[in-house]
Amino acid sequence: MSLTDEERSRLADIVRLQPTKNGELQEAWGLESGSEVHQYLENHLKEYYYRDDDSLIRSTAEANELVDVEPGIEADAVARGAAPETIRVPELEAQVFEVVAGPDERSQSVVSVLNAVREAFDIDPDVDEVRRALRSLERKNVVEVVYRTVPTFKLAVERDAVTVEINE
């Protein structure tokens, strides 16, 4: 199957962002809803993606070969529940990874991580952006959730055990 430039670009997004959700692709592609993402996937990229046991979107091996980008995470590592050695993430996720509590520290609430990002980087992201970044890092097995009164987060691995590369 021959892909258009748009299809190839969107397939590259899936490879780079995996494991991902409709909402992340909706944001990346500028679509109106997760339903539009689903329709696009089914109508244009059906042969190149699948949903794992957690309903997260992943690219097929064939898709990985078609596009010239590195997968967002090592699929084998996630399948084993292990942390990958390298993650490729948007800048905000890299900043969140840098400031979130370490594996031996007390976990932090989303607001606490938000404040740490604001202080460390002199930026003002929205609390929902930080929450999405934390959940994305959790799906990549580098952040874990600790349930207290509210969900709190901390690294699942030592910070220096993972190389973080920023997607442009």
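Values in this text are rule-based calculations from the coordinates and carry no lab data. If you're wondering where the values come from, they're calculated on a predicted model, not measured in any experiment. Cβ coordinates were reconstructed from backbone atoms using ideal geometry, including for glycine residues, and neighbour counts include every protein chain displayed.
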- Task: Specify the residue with the greatest mean-square fluctuation among Arg135, Arg58, Arg16, computed from a Gaussian network of the chain linking alpha-carbon atoms under 10 Å apart.
- Result: Arg135
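Before anything else, pin down the relative contact order of region 5-71: Cα pairs under 8 Å, at least 6 apart, normalised by residue count, whole percent.
Reported as a whole number, the value is 42 percent.
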- PRE zone check, label point 7 Å out along Cα-to-Cβ of Glu165, amide N under 11 Å, scope region 124-144, hits none
- Assuming R0 = 25 Å, what is the FRET efficiency of Glu85 and Glu62, from their Cβ-Cβ distance, to the nearest 0.05? 0.55
- Message: Can you order the peptides 102-109, 141-148 by their average number of other Cβ atoms within 10 Å per residue, highest first?
- Response: 141-148, 102-109
- Is any residue of region 107-124 close enough, with backbone N under 16 Å, to a label point placed 7 angstrom from the Cα of Val150 along the Cα-Cβ axis, and if so, which? 107-118
